Amino acid sequence: MCGVSMVDIRDKGGLEKVFASTRFDAVVHFAGLKAVGESVQKPLLYYDHNVAGTIILLEVMAAHGCKKLVFSSSAAVYGSPKNSPCTEEFPLTPHNPYGRTKLIAEEICRDIYHSDSEWSIILLRYFNPVGAHPSGYLGEDPCGIPNNLMPFVQQVAVGRRPSLTIFGNDYATKDGTGIRDYIHVVDLAEGHIAALRKLFERSIGCQAYNLGTGKGTSVLEIVNAFEKVSGKKIPLVIGPRRPGDAEILFSSAAKAEREFKWKAKYGIEEMCRDQWNWASKNPFGYASPDSTKQNGHSH
Ligand code: UDP
């Protein structure tokens with residue numbers, strides 16, 4: 001890779017070298033682990049990467065006078081709100097270690113801003129990012145059995161898995177399946193650019209913003225849209241509810257729309273279209289069919 005250095009954020013010496021070699025105006029901090037189930041099995045691993053890693057990054061940033069940060073947080077900090085749309089003022093009660101690592105990192109950011117008002121920090125609470133880059137070259141390649149809906153649907157469509165299990169169809173929703181706020185990854189990326197611009201406009205302290213579309217979509221609506229764009233049938237099995245799942249969770253995107261002058265542009269059809277474009281060009285993700293049998297890896 002040319003001109004790119006890779007350093008684990010927990011490697012303070014390595015990070016120090018990066019900051020000593022280049023003057024950064026701001027940092028967008030995406031580094032972290034994100035599988036909810038794995039965080040339940042391996043909480044210390046999650047606290048180490050997501051919390052200890054963030055502390056080290058903040059220490060090195062402060063030491064080099066770089067005090068502008070955009071942080072990848074998550075709607076998981078809200079847990080299961082009683083109603084939607086969910087605004088940034090909703091109670092923060094995460095249900096699992098993953099969500100707690102994001103909340104703790106947010107609290108650390110709020111505390112360092114209170115201790116030193118030179119910091120300007122935007123915490124972006126992602127809802128459900130899906131889709132892929134429209135080129136078809138960049139997409140998600142989860143390791144092992146996907147936890148999330150869209151990568152699972154994609155693997156069924158390309159024939160890697162026989163069927164999708166729907167986690168409950170007895171919710172009090174239009175078709176009985178769970179409702180979420182899916183956002184195209186390109187819209188999400190543009191939300192980060194808008195957040196960065198905001199950081200350079202004026203000092204904004206430490207503030208959280210939802211990144212979502214403000215619209216709720218059911219599991220069945222996703223499956224139908226995916227079948228339509230791909231022309232593939234997604235066989236369904238109705239299973240029990242997944243423990244800890246919210247019935248309905250979608251964002252109020254009003255704060256980011258108002259203050260960033262940003263708005264998600266893409267709808268469900270485009271999310272499924274770009275997901276399918278990536279999937280059909282790369283049915284085995286970044287690996288070849290043979291290498292996935294031996295070693296799964298994620299990007
Ligand atoms: N879901 C499902 N089958 C799957 C994976 C997910 O029915 O194999 C449902 C899940 O119950 C939820 C929605 O799809 O209603 C989105 O789940 P995901 O794990 O992608 O996101 P999260 O629940 O973390 O918002």
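Some observations on this one:
- Residue 209 being closer than 26 Å to residue 260 by Cα and within 10 Å of the ligand (Cβ to nearest atom): no
The rows are residues; the columns are (1) in a loop (DSSP other than H, G, I, E, B); (2) within 20 Å of residue 181 (Cα to Cα); (3) basic (Lys, Arg); (4) out of contact with any Pro (no Cβ under 8 Å at 6 or more places or on another chain).
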| site | (1), (2), (3), (4) |
| --- | --- |
| 224 | no, yes, no, yes |
| 227 | no, yes, no, yes |
| 242 | yes, yes, yes, yes |
| 258 | no, yes, yes, yes |
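- Applying a threshold of 7 Å to beta carbon distances and a minimum spacing of six or more residues, or different chains, the list of pairs starting in region 146-158 at a residue that is part of a helix (DSSP H, G or I) and ending at one that is more than 8 Å from the ligand (Cβ to nearest atom) and among the aromatic types (Phe, Trp, Tyr) reads 153/226; 157/226; 157/276.
- Restricting region 158-184 to residues that are surrounded by 15 or more Cβ atoms within 10 Å (Cβ to Cβ) and at pLDDT below 95, the residue that is farthest from the ligand (Cβ to nearest atom): 158
- Breaking point among (1) out of contact with any helix residue (DSSP H, G or I) (no Cβ under 7 Å at 6 or more places or on another chain); (2) surrounded by fewer than 21 Cβ atoms within 10 Å (Cβ to Cβ), for residue 104: (1)
- Test: residue in region 135-149 that is within 16 Å of the ligand (Cβ to nearest atom), at pLDDT 95 or above and closer than 30 Å to residue 281 by Cβ: yes
- Of all residues making up region 28-51, the number that are modelled with pLDDT of 95 or more, surrounded by 15 or more Cβ atoms within 10 Å (Cβ to Cβ) and part of a helix (DSSP H, G or I): 6
- The set of residues in region 232-256 that are without any contact (Cβ under 8 Å) to a residue 24 or more places away in the chain and either touching a Cys at 6+ places or on another chain (Cβ under 6 Å) or more than 16 Å from the ligand (Cβ to nearest atom) (or both) contains only 233.
- Pairing residues of region 184-210 that are assigned to a helix (DSSP H, G or I) with residues that are at pLDDT below 95 and aliphatic (A, V, I, L, M), at Cβ distances under 7 Å and at least 6 apart in sequence or on separate chains, gives 198/204.
- Condition check for residue 238: under 23 Å from the mean Cα position of the chain (by Cα), surrounded by fewer than 20 Cβ atoms within 10 Å (Cβ to Cβ) and among the β-branched types (Val, Ile, Thr): no
The values are calculated or read from the model by the stated rules, or taken from the named source; none is laboratory data. Predicted model only: the values in this text are computed from it and were never measured. As a convention, Cβ positions derive from the backbone with ideal geometry for all residues, glycine included, and neighbour counts pool all protein chains shown.
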